[in-house]
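A short write-up of the structure that comes next.
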């Protein structure tokens, strides 16, 4: 190794000198930079790897059940009898779909309204007041939502909504009341709607903020009202983003476990009304994971349930994230 | 004049505005109702014993004791998980900003972080369990910490990334122009400038970690003792709430409500604390 004067030195001498110098040597700094770069780049591969590892692990562990019987029988089978080795996911898939849809139907309209209000109408003061409310709502743990659902929503469905539906809406099949308790898809949907609301609102708010103010001013200047501006300038510009934000919210709702499990009744039957109980996939996994070891293939079936959940959520997530990245990315460059 | 005042578009405008206020009120009211429900039902059962004692024999049948095991266990789990997540997410966030920027690979990493962020905690729990089986680890504090750190990692990196992106480019360029290496920029300029953001990210991830039940359900186990080693199982508050509500004894269920109140208080303190800290630390950054 040579120093600036061309005098040969041993490596240890260079290192010793580096330690004695008050300023770090240029070499040492460059080396530290290179090493850090290498270490950081390896760590940065972690998220990408993690997705692959999770997928592979679940496929590998679920294979005994998925590969054992035809895929259509696993997905569309309605018989869930672990002791007999029959694992049909259909009641759980439909249960998940029902509760997610009810939750989203309840959440979407108010969420769009609130985010529009915050981005288009609200004063800065209102905005800075709304943010902590949304933050707190987002910070409340799922199990507390579950407690709230158990104490407030289930009785509300049982004593208010169900009698009302029975009296006035009995003719509509999906609103038929077939059971006496409030543990139902509707209760789960209401809890889910409140849970995903802060998330959807913040995503939509961010999306509406990408619309340049000039466009709004131009529209307002020619005499349009605020709502006309929103309807014909703001919304058309970010429509894909709105859809993506809602889909992202739905994929959040799909995987919600504890809160839904506590209020939805957990009956493994294909539901036909929002007042029916259901048994979503996450609840299935959470409820049975402890005692599945004694029954053959049971653990594979439960990991299969996790795999179904993962595949659907990965698909939803990737699609909507790509849309959002493109939309929001424009701003950042 | 009157026709102009009450023209159709003005009525629509007023109507839409009304809907917006109702929606806003609905969201604010649901926060109020949730907090009110938990406080009203939890407060009567919240005694000093609840927070200072571990469950005694027969606790789950209504005998004496508290949930100190779960409180300490949750703090251990979330603390450990957050520390571990920080260990990885700080380098990732710095690398994304200082080295990758808006390159293709950087975009892939951000996409994968977004996707990871959306994976539900029950899937992390199931994955963690298969991982534990594969390496022969039993339900323990360590396993819970590992799974929680996986869950918290994307939340933390994303939160940090948001802050770094808003950092003035001039600062970084000035440091580079003075001859700093990228590492020095990352550690001495970016990290300092985004300190409020890092603190917010840590507390956000901690709040998520301490409240999550589905991921620790199979990985951390449950026990009445306060864990003394990383390889022992540990209780956690969310699961304490869940298990106490599942018992048929009203007395124990009431304690479940009290435990939910304790958890809510912890989470609210963390959430409000992060606002306070970040506004304090924001004074020391370059605007």
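The values are calculated or read from the model by the stated rules, or taken from the named source; none is laboratory data. Just so we're clear, the structure is a prediction, and the values are computed from it rather than from any experiment. Positions of Cβ are backbone-derived with ideal geometry, glycine not excepted, and every protein chain shown enters the neighbour counts.
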Just checking, does segment B:257-268 include any residue being under 23 Å from the mean Cα position of the chain (by Cα), touching a residue at least 12 places away in the same chain (Cβ under 8 Å), farther than 28 Å from residue B:117 by Cα and within 11 Å of another protein chain (Cβ to nearest Cβ)? yes
Number of positions in segment A:238-273 that are surrounded by fewer than 17 Cβ atoms within 10 Å (Cβ to Cβ) and either at the interface with chain B (Cβ under 10 Å from one of its Cβ atoms) or out of contact with any strand residue (DSSP E or B) (no Cβ under 9 Å at 6 or more places or on another chain) (or both): 4
Go through (1) assigned to a helix (DSSP H, G or I); (2) more than 21 Å from the chain's Cα centre (by Cα); (3) at the interface with another protein chain (Cβ under 10 Å from one of its Cβ atoms) one by one and return the number of the condition residue B:175 breaks. (3)
Residue under evaluation residue B:36, criteria (1) in a loop (DSSP other than H, G, I, E, B); (2) at pLDDT 90 or above, criterion not met: (1)
Within segment A:164-187, identify whether any single residue is under 30 Å from residue B:159 (Cβ atoms) and out of contact with any strand residue (DSSP E or B) (no Cβ under 6 Å at 6 or more places or on another chain), and answer yes or no. no
Out of curiosity, is residue B:153 within 11 Å of another protein chain (Cβ to nearest Cβ), at pLDDT 90 or above and crowded, with 20+ Cβ neighbours inside 10 Å? yes
Spans of helices (runs of 4 or more DSSP H) in segment B:47-156 with at least 2 residues out of contact with any strand residue (DSSP E or B) (no Cβ under 7 Å at 6 or more places or on another chain) and in contact (Cβ under 8 Å) with a residue 60 or more places away in the chain: B:48-52, B:68-94, B:121-135
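In segment A:113-129, which residue that is within 10 Å of another protein chain (Cβ to nearest Cβ) and surrounded by fewer than 21 Cβ atoms within 10 Å (Cβ to Cβ) is nearest to residue B:41 (Cα to Cα)?
A:129
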Going through segment B:178-228 one residue at a time, which ones are crowded, with 23+ Cβ neighbours inside 10 Å, away from every other protein chain (no Cβ under 12 Å) and not in a helix (DSSP H, G or I)? B:194, B:220
Sort out which residues of segment B:79-94 are more than 10 Å from residue B:149 (Cβ to Cβ) and buried (at least 18 other Cβ atoms within 10 Å of the Cβ), and write them in order of number. B:90, B:91, B:92, B:93, B:94
For a quick check of your reading: which helices (runs of 4 or more DSSP H) sit entirely within segment A:1-87 and have at least 2 residues that are within 9 Å of chain B (Cβ to nearest Cβ) and modelled with pLDDT of 70 or more? A:26-66
Residues of segment B:233-287 classified as outside any helix (DSSP H, G or I) and closer than 24 Å to residue B:147 by Cβ, total: 4
Determine if segment A:301-308 includes at least one residue that is surrounded by fewer than 19 Cβ atoms within 10 Å (Cβ to Cβ), at pLDDT below 90 and more than 9 Å from chain B (Cβ to nearest Cβ). no
What do you reckon, is residue A:95 surrounded by 16 or more Cβ atoms within 10 Å (Cβ to Cβ), away from chain B (no Cβ under 11 Å) and modelled with pLDDT under 90? no
Filter result for residue B:159 (more than 11 Å from chain A (Cβ to nearest Cβ), surrounded by fewer than 24 Cβ atoms within 10 Å (Cβ to Cβ) and under 19 Å from the mean Cα position of the chain (by Cα)): yes
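Which of the residues spanning segment B:157-167 are in contact (Cβ under 8 Å) with a residue 24 or more places away in the chain and more than 15 Å from residue B:84 (Cβ to Cβ)? If you could, list the steps in order and put the result at the bottom.
Taking segment B:157-167 and keeping what is in contact (Cβ under 8 Å) with a residue 24 or more places away in the chain, we get B:157-165, B:167.
B:158, B:159, B:160, B:161, B:162, B:163, B:164, B:165, B:167, listed by residue number.
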For residue A:313, state whether it is at the interface with chain B (Cβ under 9 Å from one of its Cβ atoms) and either over 21 Å from residue B:126 (Cα atoms) or at pLDDT 90 or above (or both). yes
Hits in segment A:280-295 - residues which are surrounded by fewer than 24 Cβ atoms within 10 Å (Cβ to Cβ) and part of a loop (DSSP other than H, G, I, E, B): A:289, A:290, A:291, A:292, A:293, A:294, A:295
